[in-house]
1. Determine if the range 435-454 includes at least one residue that is open to solvent by 10 Å² or more (accessible area, probe 1.4 Å) and either within 26 Å of SER338 (Cα to Cα) or in a strand (DSSP E or B) (or both).
2. Identify, please: which residue in the range 295-309 is farther than 13 Å from ASP278 by Cα and aliphatic (A, V, I, L, M) and is, among those, least open to solvent (accessible area, probe 1.4 Å)?
3. Could you check how many residues of the range 159-188 are surrounded by 24 or more Cβ atoms within 10 Å (Cβ to Cβ), of a type in the set (A, V, I, L, M) and out of contact with any helix residue (DSSP H, G or I) (no Cβ under 6 Å at 6 or more places or on another chain)?
4. What are the residues in the range 142-158 that are open to solvent by 10 Å² or more (accessible area, probe 1.4 Å) and in contact with a Phe, Trp or Tyr (Cβ under 8 Å, 6 or more places away or on another chain), if any?
5. Between ASP155, ASP162, ASP105, ASP91, which is charged (D, E, K, R) and either modelled with pLDDT under 95 or within 26 Å of PHE346 (Cβ to Cβ) (or both)?
6. Please state which of the following conditions ALA21 fails to meet, knowing it meets all the rest: (1) more than 13 Å from GLY229 (Cα to Cα); (2) assigned to a strand (DSSP E or B); (3) open to solvent by 10 Å² or more (accessible area, probe 1.4 Å); (4) of a type outside the set (Ser, Thr, Tyr).
7. Collect the residues in the range 201-247 that are of a type outside the set (A, V, I, L, M, F, W, C), surrounded by fewer than 19 Cβ atoms within 10 Å (Cβ to Cβ) and either assigned to a helix (DSSP H, G or I) or in contact with a Phe, Trp or Tyr (Cβ under 6 Å, 6 or more places away or on another chain) (or both), keeping them in residue-number order.
8. Here is a list: ALA343, ALA332. Which entry is farther than 30 Å from LEU125 by Cα and open to solvent by 20 Å² or more (accessible area, probe 1.4 Å)?
Amino acid sequence: MYLLGIDIGTSSIKVAVVDAATQKSVATAQYPEEETSIKSLAPGWAEQSPMDWWHNTQQAILRLNASKTFDPKEIKAIGIGYQMHGLVVVDKNQEPLRDSIIWCDSRAVELGNEAFEVIGQEKSLATLLNSPGNFTASKLAWVKQNEPHIYEKIDKIMLPGDFIAMKLTGEITTSISALSEGVFWDFQENQLAEDVMNHYGLSREVIPEIKPLFSTHGQVKEGVASLLGLTAGIPVAYKAGDQPNNALSLNVLKPGEVAATAGTSGVIYGVSDQLTYDRESRVNTFAHVNYSTDEVRTGVLLCINGTGSMYRWAKHTFAPYLTYNELNQIAAQAPIGSNSLRALPFGNGAERMLNNKYTGAQFLGIDLNTHNQSHIFRAVQEGIAFAFRYGFDIMRENGMKPAVIRAGRANLFLSDLFAQTFVDVTNVPVELYDNDGSVGAALGAGVGAGIFSNPEEAFTNHQVLKYIAPKNTQAYEPIYQDWKEILRTNINNQTS
């Protein structure tokens with residue numbers, strides 16, 4: 001018996017087939033090979049085509065089937081992880097009305113700030129656990145205000161994973177976790193956030209049916225099944241944003257447990273049993289995959305927009321013909337601190353942990369007689385690690401103090417240099433696992449379909465690949481403090 005997991009990433013679509021008996025992946029595929037571009041029609045804007053996601057999903061599944069390592073007809077359930085906070089709008093024929101305004105788009109920041117003030121900061125934080133910021137609700141308000149001809153045609157809104165589920169099944173659903181990540185959920189009343197809907201003048205008719213996260217969100221249509229070699233009628237049994245899904249894939253389900261990922265964006269995600277929030281909304285709280293009205297399980301999320309995207313930019317700009325592994329080897333040749341070269345990795349939209357400021361990505365202290373490729377690539381990795389530390393200290397202020405952080409051996413954590421730097425700078429050990437979002441989504445589907453009785457049962461074969469302990473913390477501390485002072489100067493200059 002097999003389970004199919006789909007990970008709708010910003011860069012590509014990843015899919016995996018998991019053997020339910022062993023909980024191990026038997027085949028994986030990705031499409032396309034090159035990173036998908038982000039459309040930026042104006043400064044701070046970021047969009048992608050939902051139909052491109054669907055095309056790429058189909059191609060990834062067909063590539064997966066071509067491995068001949070499993071019988072696609074034996075797949076019994078599908079799970080979906082997806083890039084969070086994006087807005088997809090469709091008409092009554094389930095056709096997209098515009099490109100998706102994705103997670104790192106900053107156009108709705110001011111609308112969100114205004115809502116925060118009008119609703120009231122204390123009330124917003126107590127009920128939404130966040131400022132409306134540039135989350136999905138504010139993005140929809142932007143469409144209503146600036147594209148009324150589109151807004152009036154909207155039948156349903158959804159997040160990226162909901163759209164792929166719709167294309168597979170013809171059904172449109174949502175969950176409490178999904179609504180919370182769009183800042184549509186009132187945690188005190190356990191219902192749709194009336195304050196947000198009323199402030200923005202949004203119609204409740206556009207909100208899909210709310211279903212449990214682990215449940216049947218529709219069944220694969222005959223035509224789609226025939227095209228993709230699947231069995232018609234199998235359920236899409238799980239949908240979650242990429243960071244709650246990444247936490248699930250690392251078996252991070254209990255209060256105090258923490259996960260990290262360093263893909264296009266960088267995230268630290270910790271589980272709490274409290275309706276906690278940061279007073280400045282620099283880190284954000286959403287309903288975790290195992291949240292219920294009877295048992296609170298929230299995910300406290302630190303997001304840095306420009307991590308993997310900064311490293312990708314450095315590769316394409318300075319060494320387009322090298323692999324990331326070769327870049328990592330070159331970076332390791334430079335000393336700790338990169339001979340005083342500093343990098344700020346904040347070039348992918350307004351950063352919530354910087355109070356929605358946009359400093360841009362920067363290199364500082366370039367010495368034309370000293371610095372070379374190795375210093376540049378190491379400075380980028382160090383700058384990303386410093387950004388994690390800056391945000392992690394905010395999480396510590398809010399009571400998140402883990403003894404260990406779990407991460408998948410993927411993306412930047414494939415770099416031994418980055419992994420060790422991350423540990424040294426945060427001074428918290430890391431456990432690396434052989435996992436990714438598509439595998440986690442597949443196992444989540446097993447829970448939703450009743451193949452596993454609960455999320456914990458889906459991870460009984462979970463094993464640590466590598467444990468990394470701090471070893472250069474003292475050497476990095478003054479370098480980090482220097483980097484932080486540079487960042488604060490940039491923030492103050494922008495504010496003034």
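The values are calculated or read from the model by the stated rules, or taken from the named source; none is laboratory data. The structure presented is a predicted model; accordingly, all values stated were derived computationally and were not measured. No Cβ is skipped: glycine too gets one built from the backbone with ideal geometry, and neighbour counts run over all protein chains shown. Note: areas computed on protein heavy atoms with side chains; ligands, DNA, RNA excluded. Shrake-Rupley method; radii C 1.70, N 1.55, O 1.52, S 1.80 Å.
1. Taking every residue of the range 435-454 in turn, none turns out to be open to solvent by 10 Å² or more (accessible area, probe 1.4 Å) and either within 26 Å of SER338 (Cα to Cα) or in a strand (DSSP E or B) (or both).
2. Looking at the filtered set, the residue picked out is ILE304.
3. Residues meeting the conditions: 2.
4. The one that is open to solvent by 10 Å² or more (accessible area, probe 1.4 Å) and in contact with a Phe, Trp or Tyr (Cβ under 8 Å, 6 or more places away or on another chain): LYS144.
5. ASP105
6. Checking ALA21 against (1) more than 13 Å from GLY229 (Cα to Cα); (2) assigned to a strand (DSSP E or B); (3) open to solvent by 10 Å² or more (accessible area, probe 1.4 Å); (4) of a type outside the set (Ser, Thr, Tyr), the one that fails is (2).
7. ARG204, GLU205, GLU222, GLY223, SER226
8. After applying the criteria, what remains is ALA332.
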